[in-house]
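Read the figures in this text as sums done on the coordinates, not as results from a lab. Note that the coordinates shown come from a computational prediction; the quantities given were computed from them, not determined experimentally. With ideal geometry, Cβ positions are generated from the backbone for all residues, glycine too; neighbour counts draw on all protein chains shown.
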Amino acid sequence: MFVSNGRTPPSPLARTIRQLRRDRELSQEALANAAGVHPKHLSEIERGNKDPRASTVARLADALGVSIGELYGQPGGDEPGASG
């Protein structure tokens with residue numbers, strides 16, 4: 001029988017942020033500082049406990065060197081439905 005721990009799994013956005021941070025060998029503190037967010041807030045985002053504001057997503061994308069669209073799983077695109 002499945003027993004829930006009461007937590008929601010991280011969103012695709014949260015998983016992508018964490019994976020990109022790890023790929024770049026950045027600590028949460030380093031990424032948080034580069035993006036201008038508190039390290040605890042970044043931790044909460046990565047664990048799926050907080051939904052970031054659009055401005056925070058933009059700052060994280062910039063700090064990671066990717067587009068906002070890439071954080072949402074859209075290769076090279078900034079907006080849903082964007083074509084190149």
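Given +1 on the Cβ of Lys and Arg, -1 on the Cβ of Asp and Glu, and no further charges, what dipole in debye does segment 12-70 carry about its Cα centre, rounded to the nearest 20?
140 debye
Show me the ranking of peptides 13-21, 53-61 by mean Cβ neighbours inside 10 Å, starting with the highest.
Top to bottom by mean Cβ count within 10 Å: 13-21, 53-61.
Enumerate the calculated ³J(HN,Hα) couplings along segment 56-67 in order (Karplus 6.51 cos²θ - 1.76 cosθ + 1.60, θ = phi - 60°), each rounded to whole Hz, writing x wherever the residue is Gly or Pro.
Karplus values, whole Hz, x for Gly and Pro: 5, 4, 4, 5, 5, 4, 4, 5, 8, x, 10, 7.
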